[in-house]
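Reviewing the structure listed below.
The values are calculated or read from the model by the stated rules, or taken from the named source; none is laboratory data. All of these numbers come straight from a predicted model, not from anything done at the bench. Note: ideal-geometry Cβ built from the backbone for every residue, glycine included; neighbour counts use all protein chains shown. Just so you know, the surface numbers come from the protein's heavy atoms only, side chains and all, with ligands and any DNA or RNA stripped out. Shrake-Rupley method; radii C 1.70, N 1.55, O 1.52, S 1.80 Å.
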Amino acid sequence: MSSLIQQVINGLSLGSVYALIAVGYSLVYSVLLFSNFAHGGFLVIGGYICYYSLLKGGANIWVASLAALLGAGISAMAVERMAYKPIRERTPITLYMLIASMGMSIVIENIFVVTIGGRFRALPPVIPMQTVNVFGVASTSASDLLSLVTAVVFLVGLQLFLSKTKWGLAIRAASYSLRTAGLMGVNVNLLISLVFFVAGLLAAIGGIFLSARYSLYPQLGVITTKAFVAAVIGGLGSLPGAVVGSLILGLAEMLAAGFLSSQFRDLIVFGLLIITLIVRPTGLFGKSVGEKV
Amino acid sequence: MIGNAGPESDRVIMSVRNLSVDYGAIRALKGVSLDVRRGEIAAVIGANGAGKSTLMAAIMGDARRSGGQILLDGTPLPERSYQVVSAGVSLSPEGRKLFAPLTVRENLEIGAFPLKNRGEMSEQMSRVYSLFPRLEERASQYAGTLSGGEQQMLAIGRALMARPRVLLLDEPSLGLAPIIITEIFKELDAINKTLGMTILIVEQNARKALMLSHRAYVLQTGVITMEGSSKDLLGNPEIEEAYLGGRKRQNT
C-alpha cells in the first residue's frame, strides 16, 4: 500500500513536470497550429542558465531560477522572431514552421555541444533531495514534492492569467482564430511573442527540475517527446488536456516502473499514445468545435 | 437627410483613393475610390467575387494594399489591423467570425481590446446591451450556441465595442432568414440614427442595402462602375436588371 502511494506521488510529480512542458507546447500549437519541435531546446536553455548562474555566477537558487525562466522565455521569443515569423508572414502553410522548428531544435542542441560540450552535468545540490514522510503512510523525495507544488503553482497562475486578464482573453480568442483576434485590435505579433515567452518560461521550470532529478546535457530536450505524447493524449491545443494527459502519463510510467519493470515505461507511454489515436484521435479534450452555421 | 454643414470635403470622414489589391497574379481591386461621409450609411453592392470583402480586408489591414491610399479624417490609415482598430475603424466580418468557444460577454470584451480601461469598456458594453438586449440575456452563453440572428447582433456589437468612428459591415445578411435580415437592418438604421454612427456596408443583398443606405457604389470585378444616392440607384433600370432580380418582381 505504501509503495503504491509512493509511486502515485512520484507519478504525479513526474506528470506535473511533463505538464509544464506540454502546456507551453500546447499553447503555441493552439495559436499557430504547428508542433514546435524546438520546445525542448527552451528547457535545455533554462537548465544551463540555472546551472551556470549557480556555479559560475554564485547566485542562489532563486536568482538562478529567475534568470533561467527569463532567459528561456526570451530565447523562445527570439527563436520565434528569427525562425517562424518570416515564414508565417509569407505563407499560411504551417508545415514550413514545423520543419523550421526541427532545424531550430538541432541548432540549439548543437550550440551547447559546440560551446560547452556534450558531457553530463549535475546541478549543484540546491534542491532538497532528502526523503520525506507523507502523513506516515509513504515516503518520497522532497524534490518530487517540490516539483509537484511548483508545477501546480505555475499552472494555476497560467490559468488565472488566461482567464482573468485582457491579454489572457486575447490568447484564448487567438487560439480560436488568430486572424480574427487581429481584426479586433490585438497586436498579433506581440501576442505570439507573449505566448512563446510563457511557453519558454514554463519549459525552463521543467528543465530545472529534470536536470536536478536526472542530469543536464544538450539532448535533455528529447524528454519533450513525452510531453508531446501527453499533449496528444490530452488533445492537441487544449490546456486542460495537456495537464490531464501529462498526469496520466506520469502515473502510468511510475506505476509501470514500480510494479512491472522500469523497462516497461516507454512501452506503456507509446502504447497509451497508440490506443488514444485509435480510439479517440482528437485526444481526451480534443476540440470538438460546436458552432452553428 | 444628412446635415449640410460645411463644404463637401469636411463631411468626408473616410476616403479610399485609387486602392488596388493583388492576390498573386490576380488583381482583386483595380483602383477603387470611394468616400464615406460623416454620419451616413454608405453601401457597396456587387455580385459574388466583385471584390467587396477584399475592399473590407484592405481597409482593415488584413489584405496587403498594392497601391492607393486610405484616409481617415484626412490622415492616412495605418496598414496593420490592430492600428487600424485603434485609429477608429472596426469591422463586423463576413460570416461573423465569432469566437465560438468564448461567451457572449467575452466576445464583447475582446472587441473592446483597444480601449484604455475597464471603465470605458463596461460603459460601452451597456451601450451595446441597450441596443441588443438579447445579448445581455445571453451574456454568459457560448457564442457558438447563439442563433444566426443573435450571432450577427453579437458580431455587430463586438465591432461597436471598440468605439469606432467608422463601422464596417461585411455581408450582415449572409445566411440569415429574410425576417431576421429585416430585424438586423432595422437595428443598423437605429445605430446610425441614435448613435450617429458612420457605417460602410458591403452587401450582396442589393435591395436591402440600397433601402438602408444614403449613398451607394456598385463594385464589379474590382472596379467601381456606378455611384449615386441609394434612392436613385434603386430606381435605376440597369441596377434593377443586374442586382434586384430584373423587372419581373414588382415589389419595390
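Once every DSSP H run of n ≥ 4 in chain B is given -39500 (n - 2.57) and the sum is divided by its residues, what mean residue ellipticity at 222 nm do you get, rounded to the nearest 500 deg cm²/dmol?
Result for chain B: -11000 deg cm²/dmol, rounded to the nearest 500.
What value does the protein assembly as shown have for Rg/Rh, both radii from Cα atoms and Rh as Kirkwood defines it?
My calculation puts Rg/Rh at 1.08.
What angle, in degrees between 0 and 90 and rounded to the nearest 10, separates the Cα long axis of helix A:265-279 from the longest principal axis of the Cα atoms of chain A?
Approximately 40 degrees, to the nearest ten.
Using a 1.4 Å probe and ignoring any ligands, DNA or RNA, find the accessible area of B:Ile181 and quote it in Å² to the nearest 10.
10 Å²
What is the spread of the Cα atoms of the stretch B:51-139 along each of their three principal axes, largest first, in whole Å?
Rounded to whole Å, the extents work out to 45, 27, 21 Å.
Ignoring ligands, DNA and RNA, how do B:Tyr23, B:Tyr129 rank by accessible area with a 1.4 Å probe, largest first?
B:Tyr23, B:Tyr129
For the stretch A:89-206, build the convex hull from the C-alpha positions and give me its volume per residue in Å³.
175 Å³
Place a +1 charge on the Cβ of each Lys and Arg in the stretch B:9-243 and a -1 charge on the Cβ of each Asp and Glu, then give the dipole magnitude about the Cα centre in debye, rounded to the nearest 20.
440 debye
Can you give the Kirkwood hydrodynamic radius for the stretch B:9-243, in Å, rounded to one decimal and based on Cα pairs?
After inverting the mean inverse Cα-Cα distance, the result is 17.9 Å.
Once each part is reduced to its C-alpha centroid, what is the distance from the stretch B:14-58 to the stretch A:174-195 in angstrom?
The stretch B:14-58 and the stretch A:174-195 have Cα centres spaced 25 Å from each other.
Using alpha carbons only, what's the Rg to Rh ratio of chain A with Rh from Kirkwood?
That ratio equals 0.97.
Could you work out how far the C-alpha centroid of the stretch A:251-267 sits from that of the stretch B:163-228, in angstrom?
That distance is 64 Å.
Whole Å is fine, so just give me how far the alpha carbon centre of the stretch A:153-168 lies from that of the stretch B:77-91.
The stretch A:153-168 and the stretch B:77-91 have Cα centres separated by 28 Å.
List, largest first, the extents of the alpha carbons of the stretch A:68-113 along their principal axes, each in whole Å.
33, 22, 11
Could you order A:Trp167, A:Trp62 by accessible surface area, starting with the largest, using a probe radius of 1.4 Å?
Ranked list, largest accessible area first: A:Trp62, A:Trp167.
What's the angle, to the nearest 10 degrees (0 to 90), between helix A:142-164's Cα axis and the longest principal axis of chain A?
Relative to chain A, helix A:142-164 is tipped by roughly 20 degrees.
Give the percent of DSSP beta bridges with both residues in chain B that are antiparallel, rounded to the nearest 5.
Beta bridges within chain B, antiparallel portion: roughly 55 percent.
Roll a 1.4 Å probe over the protein chains and send me the accessible area per residue for the stretch B:9-243 in Å².
39 Å²
Between B:Lys186 and A:Val137, what is the spin-label point distance in nm, taking each point 7 Å from the Cα along the Cα→C-beta axis?
Each label point lies 7 Å from its Cα, and together they span 6.4 nm.
Please sort by residue number the trypsin sites (Lys or Arg not before Pro) in the stretch A:118-183 whose DSSP state is loop and whose Cβ has at most 12 other Cβ atoms within 10 Å.
A:Arg119
Could you work out the relative contact order of chain B, using alpha carbon pairs under 8 angstrom and six or more residues apart, expressed as a whole percent?
With pairs under 8 Å counted, the relative contact order is 26 percent.
Just to confirm the number: angle between the C-alpha axis of helix A:188-213 and the first principal axis of chain A, 0 to 90 degrees, nearest 10?
10 degrees
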